[in-house]
Every structure is written in C-alpha cells, then in structure tokens.
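For reference, the structure discussed in these notes is given below.
The values are calculated or read from the model by the stated rules, or taken from the named source; none is laboratory data. Nothing here was measured: the structure is a model prediction, and the numbers come from that model. A quick note on method: Cβ atoms are made from the backbone with ideal geometry, for glycine too, and the neighbour counts reach across all protein chains shown. Remember, those area values only see protein heavy atoms, side chains included, never the ligands or the DNA or RNA. Shrake-Rupley method; radii C 1.70, N 1.55, O 1.52, S 1.80 Å.
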Amino acid sequence: MEEETSEQQLARESMDEDAVELLETPIEAVEEKPSEEPYPWPVIQYDVPPYLTYHFFNQFRTPSNPNNFLKGVKWSPDGSGFLTCSDDNTFCLYNLPYDESGQLADFSSLAADTDSYAASLVMSDGESVYDYCWYPYMSSSSPETCVFASTTRDHPIHLWDATSGQLRCTYRAYDAMDEITAAFSIAFNPAGTKIFAGYNKSIRIFDIHRPGRDFTQHSTTLQGNKEGQSGIISSMAFCPSHSGLLATGSYSQTTAIHREDNMELLYVLHGQEGGVTHVQFSKDGNYLYTGGRKDPYILCWDIRKTAEIVYKMYRSSETTNQRIYFDIEPRGQHLGSGGQDGSVHIYNLQTGQWVSSFRAASDTVNGFSFHPFLPMAASSSGHRRFGVIDDSHEDMLLTGDENCVSVWSFAYSASVENDVSPISGGSNGKSELDEDLHVRQEP
C-alpha cells in the first residue's frame with residue numbers, strides 16, 4: 001500500500017468541515033424516533049436446523065492471496081447489513097437484499113459455486129486488522145451515523161464511512177519515542193461519544209468529536225493496593241444496562257472490571273486458561289462471559305459475586321490462537337459460538353447447558369453474530385493454512401464451505417404484546433421471516 005503524502009496526512013488529521021459536522025451530530029438527535037409499539041422479540045427454536053439464506057466465499061479468494069481467510073463478522077446495530085474482516089486487511093459490507101415487493105430476496109436458485117450477491121462496499125486497510133466495531137447508534141436512515149472504527153498494526157485508529165467507504169478521520173496515540181502505537185482492541189462507550197482503546201498495560205480514551213492525537217491515558221497495572229491488570233488489553237466491552245461498567249480482557253489470562261467515568265479498577269478475574277480474546281456482558285448486565293485462545297471454555301461470571309466462576313461452556317478451541325467470537329441473542333437467553341469443529345453451538349445461559357448445534361462450515365468457525373432484532377445470524381469461517389495452495393494438489397483446494405460467510409434464518413415463535421399463544425415459525429421460519437422483513441420495510 002502506498003505511503004501517504006504529508007498533505008494527505010494533514011488532511012486526515014484536520015478533517016474537512018463536513019466530516020466534523022457529521023461527527024458532532026447530537027446523540028439525542030440520533031436517538032429520537034417516532035413512538036412505536038414494543039417490538040416482540042422472536043423466540044428462536046433452536047431444536048430446528050436453521051435455513052442457509054445467503055452464502056459467500058468467492059469474494060475472499062484471489063490468486064494473489066490464496067491463503068486469505070475470514071477473521072470475523074458483525075451485524076450493524078440497525079440490522080441493515082453485516083461487516084466482515086479478512087486476513088488480506090479488507091472489510092466487506094453486505095447489505096441485506098430486497099426484491100421489488102420489499103421482501104427479502106431469494107437467491108436459492110443460484111449455482112452452488114456462486115456468491116449469493118456482491119458486497120456493497122469493500123474497504124482496504126494498511127496492515128493486519130486487530131479489532132473493529134460499529135458506532136452504537138448507527139442507522140442507515142441517518143448517513144452521518146453510518147460509521148465503524150478499526151485498529152490495525154502500526155496504524156492509528158480509523159473511523160470509516162459505511163456509506164461511501166471513505167476514511168472519515170483518525171485517532172492517534174504515540175509512545176515514548178513519539179511514534180504511532182497501534183491499539184489492540186477498541187470499543188465505543190454506550191453514549192457513542194468516546195472511543196476506548198486497549199494497549200499494552202494501558203487504556204487510552206479518545207473523544208470522537210476531536211480526532212487527532214488528543215486522548216487521556218489510564219494505566220491498568222498496579223493501582224494502590226490492587227493488583228491491576230498486566231499484559232496487552234486484547235478485548236473490551238461495555239455493560240448494556242448503562243451501569244457504567246467496562247470489562248477488559250488481557251493476554252495475561254485475566255479480565256478486569258472498571259468504572260467508565262473514572263476508570264477505577266473494581267475487580268480482576270482469574271480463571272481463563274489462555275489469553276482472553278473476547279468479552280461480553282449479559283443483556284441485563286449482571287453476568288460477564290469471557291473466552292480465550294487455546295482455551296476450550298467460555299466462562300460465566302456473576303459480577304455481583306466474582307469469587308468463583310458460575311459455569312463453563314465447552315467449545316472446540318483448544319489448539320488455535322485465533323480470536324473466536326461468540327454472541328448473545330437479542331432476548332438474552334442463549335449464546336452461540338463457533339469453534340474448530342466447524343459447528344455453531346448454542347447454550348442456555350440460565351443453566352450453561354448445551355442446547356443444540358448446526359454445521360456452519362468445514363473449517364474453523366471464528367465468527368458468529370446474531371441479528372439485532374430478527375431470527376437470523378451470520379457466521380464466518382477460515383484459518384491460516386501453512387503450505388502452498390496449488391492447482392496441482394487437489395487436496396489443498398478449498399471447497400465452498402471453507403473460508404466463507406453464511407447468513408442463517410432460524411425457525412421461531414413470535415407473539416404479540418401480552419399474548420400467551422405463540423405463532424409457530426414453521427419448519428425453518430423462512431416464509432415468516434420474509435413477512436416480518438416485509439412489514440419492517442414498509443414506511
């Protein structure tokens with residue numbers, strides 16, 4: 001990738017006036033919506049295998065990089081599409097497709113060796129991607145909010161425009177030698193006004209309205225009589241109940257709980273067998289789930305009583321250093337996670353017991369993300385393959401269900417408010433899903 005000229009760097013540092021106006025949109029204006037009836041969350045029927053709605057793999061295979069693989073998938077907060085990240089430092093945005101009647105398009109008649117549809121946007125970053133996240137109030141109806149942040153090796157934090165694919169601005173941290181140092185993990189705070197970034201033994205906080213090198217820094221190591229958290233801060237998540245708590249995972253096999261307002265260290269949790277690569281709070285904010293590399297268990301912690309682990313959920317990840325994402329459904333009752341066995345496993349969060357699983361790929365499923373309000377999910381798969389992929393070695397060629405992204409539709413039961421009799425979602429829920437999407441598309 002060509003190096004930026006000094007003029008280009010200066011332009012990104014200062015930003016143009018339009019970009020500043022977009023970032024300074026009041027959060028209240030974004031949150032204001034016409035009054036609507038409470039949305040009846042679909043009750044997914046996990047005992048019924050999901051329906052493969054869309055499938056993509058050709059986009060991620062090029063002759064110049066035959067060993068490319070997916071590194072994760074995340075739905076946008078408004079559910080209009082999902083974002084993928086791959087080892088070739090590329091982000092691909094796929095918006096859900098609709099036909100002329102406003103219903104979800106059906107591409108089941110396409111050939112098996114064809115992607116369901118092309119990516120809406122493709123954005124290339126400069127180096128290996130460490131982490132990325134959506135702006136929490138992103139809405140496709142408000143282009144100024146359609147942004148996501150990414151952090152890559154030897155680069156500052158980038159804020160991308162998800163409508164044009166252009167870089168909006170950068171947030172830069174410098175080390176003691178006045179050289180740019182890259183964040184290993186990033187997250188927007190619940191208010192959407194700041195970016196929290198994890199570094200080695202420290203967290204830096206950037207105001208999204210002030211791009212550039214202005215930030216506040218907090219050390220995660222020894223603080224008073226508390227042990228602190230050492231190592232690289234590899235993952236972070238905010239409590240969704242707006243309790244002001246921040247969880248940070250470290251490659252030192254620990255997870256810490258901080259207060260967002262003053263970054264006071266509250267707890268340090270020990271028990272992960274490998275470096276922590278993903279953390280996520282329960283929907284009510286009372287529990288925290290953590291997973292690590294070369295660690296076969298997702299741990300459940302009660303943040304009101306952190307002395308011991310509540311329960312463990314097994315997944316096949318004993319021998320990989322990959323970050324394997326897990327996700328919690330919108331209703332907060334179940335958790336889904338991939339693994340090296342190519343399957344997505346679903347667990348009941350009330351008991352920690354395994355509920356069901358389905359085959360999602362023929363290689364490692366490293367990403368799994370529930371749709372924010374529909375009975376759908378997206379999965380990504382792939383892992384680094386050592387050796388040269390050559391046409392003369394057929395056993396080295398990838399199949400259509402390796403290094404791929406898939407969108408799944410679940411069977412579900414939906415009930416209106418205060419109704420006690422659920423409406424069945426049928427054998428796979430596809431027709432009911434189309435009707436629900438159609439309803440939500442109408443003005």
Has the stretch 143-164 got at least one residue that is in a strand (DSSP E or B), touching an Asp or Glu at 6+ places or on another chain (Cβ under 8 Å) and open to solvent by 30 Å² or more (accessible area, probe 1.4 Å)? no
Look at residue 208 and say whether it is among the aliphatic types (A, V, I, L, M), touching a helix residue (DSSP H, G or I) at 6+ places or on another chain (Cβ under 6 Å) and modelled with pLDDT of 95 or more. yes
Given the criterion modelled with pLDDT under 95, among the small types (Gly, Ala, Ser) and open to solvent by less than 10 Å² (accessible area, probe 1.4 Å), identify the matching residue among 377, 361, 414. 361
Subset of the stretch 165-190 (residues that are under 27 Å from residue 121 (Cα atoms) and either among the hydrophobic types (A, V, I, L, M, F, W, C) or part of a strand (DSSP E or B) (or both)): 167, 168, 169, 170, 171, 182, 183, 184, 185, 186, 187, 188
Pull up the stretch 112-142, narrow it to residues that are aliphatic (A, V, I, L, M) and not in a strand (DSSP E or B), then point me to the one that is nearest to residue 194 (Cα to Cα). 138
Anything in the stretch 88-106 that is open to solvent by 30 Å² or more (accessible area, probe 1.4 Å) and not in a loop (DSSP other than H, G, I, E, B)? List them, or say none. 95, 98
Restricting to the stretch 107-121, and then to whatever is surrounded by 11 or more Cβ atoms within 10 Å (Cβ to Cβ) and touching a residue at least 60 places away in the same chain (Cβ under 8 Å), can you tell me which residue is nearest to residue 138 (Cα to Cα)? 119
The stretch 346-361 residues that are over 29 Å from residue 55 (Cα atoms), paired with ones that are open to solvent by less than 20 Å² (accessible area, probe 1.4 Å) and among the hydrophobic types (A, V, I, L, M, F, W, C) (beta carbon under 8 Å, 6 or more apart): 352/300; 352/313
Output the number of residues of the stretch 171-192 satisfying the condition of being in contact with a strand residue (DSSP E or B) (Cβ under 9 Å, 6 or more places away or on another chain) and either among the charged types (D, E, K, R) or farther than 20 Å from residue 233 by Cβ (or both). 2
Residue satisfying all of: in the stretch 321-355; among the aromatic types (Phe, Trp, Tyr) and within 14 Å of the chain's Cα centre (by Cα); nearest to residue 131 (Cα to Cα) among these: 325
Under the condition of being aromatic (Phe, Trp, Tyr) and out of contact with any Gly (no Cβ under 9 Å at 6 or more places or on another chain), which residue from the stretch 47-68 is farthest from residue 383 (Cα to Cα)? 54
Just to verify a result, which residue in the stretch 277-295, among those that are part of a strand (DSSP E or B) and under 22 Å from residue 194 (Cβ atoms), is farthest from the chain's Cα centre (by Cα)? 288
Given the structure, is residue 23 within 25 Å of residue 162 (Cα to Cα), at pLDDT below 55 and surrounded by 10 or more Cβ atoms within 10 Å (Cβ to Cβ)? yes
Selected residue [closer than 28 Å to residue 367 by Cβ and either touching a residue at least 12 places away in the same chain (Cβ under 8 Å) or in contact with a Leu (Cβ under 7 Å, 6 or more places away or on another chain) (or both)] from 282, 219: 282
Just to verify a result, which residue in the stretch 285-319, among those that are among the polar types (S, T, N, Q) and open to solvent by 30 Å² or more (accessible area, probe 1.4 Å), is farthest from residue 336 (Cα to Cα)? 306
Would you be able to say whether some residue in the stretch 323-345 is of a type in the set (Lys, Arg) and in a strand (DSSP E or B)? no
Which numbered condition trips up residue 322, out of (1) modelled with pLDDT under 95; (2) of a type outside the set (A, V, I, L, M); (3) surrounded by 17 or more Cβ atoms within 10 Å (Cβ to Cβ); (4) closer than 28 Å to residue 41 by Cα? (4)
Among the residues of the stretch 75-103, count how many are touching a helix residue (DSSP H, G or I) at 6+ places or on another chain (Cβ under 6 Å) and on the phi > 0 side of the Ramachandran plot. 1
